[in-house]
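The values are calculated or read from the model by the stated rules, or taken from the named source; none is laboratory data. The structure presented is a predicted model; accordingly, all values stated were derived computationally and were not measured. Heads up, the Cβs are rebuilt from the backbone with ideal geometry, glycines too, and the neighbour counts pull from every protein chain shown. Ligands, DNA and RNA are stripped out before the accessible areas are found, and what is left, the full protein with its side chains, is counted by its heavy atoms. Shrake-Rupley method; radii C 1.70, N 1.55, O 1.52, S 1.80 Å.
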Amino acid sequence: MDIRFDENILKMEALYHHKIGDSSDSLFFILNPDVDSLKIQGVNLNNFLIHEKQNRPFPYLKLNFNRVLIKGEIIDLHFSYQIDLVKQNHLNSDWIELNLDKFWFPNHNDIDNKFTYELNIAGLPSDFTLISHIDADIKIDNSNKILIQKRSPDIEVLILAGKDMRNWKADSSSQITFIASKHTPDSLLHSMHEKVFQSIKFMNESFGKSNPIKEFKVVLRNTTKKEIGFQFARKNMIITASDFNSYGNLSHEIAHFWWFDADFIKEPWMNESFANYSMFLVLEQYDPSTFTEIFNKYKELSFDAPAVDQATLFSDDAYNSYYIKGSILLKRLELIIGKSKMNELLELRITKRINNTEKLLNELEILTDLTTRNLFKRMLLE
Ligand SMILES: [Zn+2]
């Protein structure tokens, strides 16, 4: 894949190497409908059109071929288009954020599709610092051409870039690196560092013991919460901003280090509610008044929310279920089985790589008894 930054226009040339799953004469790709000058070329490709796909609120293209593509066959598709970064992104605030949510790269079939990639970047202004996956290999040559090689399959092509950034540590031996604007005051970085440090320490020493966080990166966007109102986590890196400076925000995002491996489309509560439950634990320790405030708010919001077990990423009113109600139920489970058994359950989820509800219930039963399993299962279903 080649991209070139040309003022505020990003020019994209992507060669998509695809192995056919089930035989079919069409393929679906997710791509932002606001890209300009879109061309797609490929052998046997007839045409492409914007097309909806059941149960998926994404912008899809349906590519129609003039013959059936056979299972196992490998095809090459060439996508070429432009993205206006001022319209589509945040270049006007010295911050570029191209990730999964932007649908900026052609993505086959669904948002959890995993792939490897090689990306050449040209024209990124020299005062911008590029940030990508923590496990990507990044090479920058003398003329500021950048090559990103991502060899382990992942769900996105990730490009973050900010103007006038610097790496900052609270002290030289710290395992936590902040990547922030040069204009972010040290006092603010120290304040955020303290919360990140304490949150990691707390979780490393409790449920995270078997797989503790060692090195950690905190990316502070060059823009405000008002412009991009959410944070996200990618393994041992979180992408946030200086106005997310609270134990609640930071500990939730850090906790995803342990809670990311469930199917985020089918059972998002296994990731999000566990991150919120971890946040509760950190808040109880370091910011009890906020804990009470958030817990009461969450309790209220979960009152009318649909069953957690039924909440997929796209089902109706799902957010209050998978994000909020699930964490309240985990807190209720903690009251039933006790803090120490609850901690054991979280530890087991990590050591045994428990990544779905059924397996979690099995562990709960082994740890407690059938009655508790059935009770918690009922809570998830109501
Ligand atoms: Zn989250």
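Tabulated results
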item	result
Label-point separation in nm, K297 to Y319, each point 7 Å along Cα→Cβ	1.3
Difference of contour (0.36 nm per residue) and Cα-Cα distance, E7 to F260	87.5 nm
Eligible lysines near K377 by straight Cα distance, threshold 16 Å, same-chain separation 8 or greater	K325, K331, K359
Share of carbon and sulfur in the accessible heavy-atom surface of the chain [1.4 Å probe, %]	48
Helical contribution to [θ] at 222 nm, DSSP H n ≥ 4, -39,500 (n - 2.57), averaged over the chain, rounded to 500	-9500 deg cm²/dmol
For the chain: relative contact order, % (alpha-carbon pairs under 8 angstrom, 6 or more apart)	11
Magnitude of the charge dipole, the chain, Cβ model with Lys/Arg +1 and Asp/Glu -1, debye to 20	520
Furthest towards positive pole of dipole, N236, N66, L100, structure part the chain, Cβ charges	N236
Solvent-accessible area per residue for the chain (1.4 angstrom probe, square angstrom)	47
Protection-proxy order for peptides 344-350, 40-46, 279-285, each taking the mean of Cβ atoms within 10 Å per residue, highest first	279-285, 344-350, 40-46
C-alpha long axis of helix 186-205 to longest principal axis of the chain, angle in °	60
Tilt relative to the chain, helix 326-337 - C-alpha long axis, 0 to 90 degrees, to 10	30
Hydrodynamic radius of the chain per Kirkwood, over alpha carbon pairs, in Å	22.6
Rounded to 10°, Cα long-axis angle of helix 339-351 versus longest principal axis of the chain	30
Cα-based shape type of segment 269-381, given that a ≥ b ≥ c are square roots of the gyration tensor eigenvalues and the cut on a/c is 1.5	oblate
Computed label-point distance, nm, for sites S172 and I138 using a 7 Å Cα→Cβ extension	2.4
Among 196-204, 13-21, the order from most to least packed when residues are scored by Cβ within 10 Å on average	196-204, 13-21
Whichever aspartates and glutamates have a C-alpha closer than 17 Å to that of K209, once near sequence neighbours (fewer than 8 apart) are set aside	E344, E347
Sequence ranges 109-117, 319-327, ranked by mean other-Cβ count within 10 angstrom, highest first	319-327, 109-117
Set K19/K145; K19/K235; K39/K62 screened for pairs whose C-alpha atoms are more than 22 Å apart	K19/K145; K19/K235
Inter-centroid distance (Cα atoms) of segment 62-80 relative to segment 323-365, Å	43
Dipole magnitude of segment 165-255, debye to nearest 20 (Cβ charges: Lys/Arg +1, Asp/Glu -1, about Cα centre)	240
Relative contact order (percent, whole number), segment 2-163, Cα cutoff 8 Å, 6+ residue spacing	27
